[in-house]
There are 2 protein chains.
Amino acid sequence: MLHDRLGFLLKHAQLELTERTTSALAPLGINGRELAVLTVLGAGEALAQQQAAGRLAIDRTTMVDLIDALERKGLVERRPDPADRRRNLVHLTPGGRTVLDSGERIYRTAEGEFVAALDAGEAAQLKELLRRVLGLD
Amino acid sequence: MLHDRLGFLLKHAQLELTERTTSALAPLGINGRELAVLTVLGAGEALAQQQAAGRLAIDRTTMVDLIDALERKGLVERRPDPADRRRNLVHLTPGGRTVLDSGERIYRTAEGEFVAALDAGEAAQLKELLRRVLGLD
DNA sequence: TATTGTTATACTCTATAACTATA
DNA sequence: TATAGTTATAGAGTATAACAATA
């Protein structure tokens with residue numbers, strides 16, 4: 001059957017988590033991917049686009065559009081790296097920092113609700129399978 | 001950080017599992033999605049396309065192309081349902097049954113190797129997180 | 001009227017190749 | 001010559017709308 005297939009369950013677990021985090025973050029005007037970008041950018045020193053892409057395992061051509069969107073929303077700023085003018089260092093704006101902080105809280109809450117939901121309904125099968133397949137019984 | 005985010009880990013776990021199953025199944029000329037379709041079709045009575053789509057939580061318009069591909073490979077056959085001629089009942093061919101049987105074995109092996117790999121390398125973080133987040137300690 | 005399969009279309013995410021400006 | 005960012009393009013996977021045949 002299907003419901004003991006890890007591929008099927010991982011796919012639908014991810015779909016449901018994405019749905020939950022997307023609607024939870026919507027009031028901030030961002031989605032989970034954009035929050036992830038803000039998270040790596042806000043972790044320490046400003047990063048070049050490719051550095052941020054590397055940490056997220058995202059292609060550099062995909063990162064261009066992500067930064068475009070965040071810049072349009074006023075959450076980040078591209079500034080040429082004085083030490084290597086091929087690079088853009090991407091800085092969080094004050095607004096970006098605010099959105100990052102509340103976005104992190106919202107994301108954690110949504111993640112926790114998703115995990116709690118695993119205990120009920122159809123999704124219990126995912127937890128069951130993970131428990132068995134990971135040998136955690 | 002990123003590596004304790006369930007969304008990030010689920011995504012990359014799925015990517016790696018897909019990669020493993022895709023290359024393991026390649027000698028059979030099918031991928032994991034097509035094996036899943038063969039699995040629901042081979043489970044019991046022949047199903048109409050929408051019934052199969054429903055069990056896989058796949059859109060009926062997507063199912064059309066999936067059945068097209070499997071039919072071109074000679075693994076399934078559409079036959080009009082005599083009881084309701086709007087429907088196609090999709091039957092496994094003998095070749096389709098053979099591919100399903102060995103595909104299932106191959107899939108299970110790949111799944112097991114994926115889980116084993118979780119114990120080593122970077123992916124250990126996934127197992128750690130799942131263990132913690134699912135409260136399985 | 002409603003439903004099954006189908007086609008056309010579009011949107012998202014991703015990746016490859018080629019361009020520009022720098023190094 | 002190599003690299004960072006960019007653009008154009010194409011490939012999956014998905015979904016919506018509309019159509020023909022059938023109920």
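Each reported figure results from applying straightforward, stated rules to the coordinates on display, with no laboratory input. If you're wondering where the values come from, they're calculated on a predicted model, not measured in any experiment. Every residue, glycine as well, gets a Cβ built from its backbone with ideal geometry; the counts of neighbours run over all protein chains shown.
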> Can you pull the mean other chain C-beta count within 10 Å for peptide A:8-19?
Replying inline: 4
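If you count, for every residue in A:38-49, the Cβ atoms of partner chains within 10 Å of its Cβ, what is the mean? Show your work: numbers first, answer last.
Values: counts 0, 4, 2, 0, 0, 2, 0, 0, 0, 0, 0, 0.
So the per-residue partner count for this stretch is 1.
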> Residue by residue, what Karplus-based ³J(HN,Hα) values in Hz, rounded to whole numbers, does segment B:76-93 have, using 6.51, -1.76 and 1.60 with θ = phi - 60° and x for Gly and Pro?
Replying inline: 9, 9, 7, 9, x, 6, x, 7, 7, 6, 6, 9, 9, 8, 9, 9, 6, 7
>> Using alpha carbons only, how many angstrom separate the centre of segment B:25-72 from the centre of segment B:80-109?
In response: 8
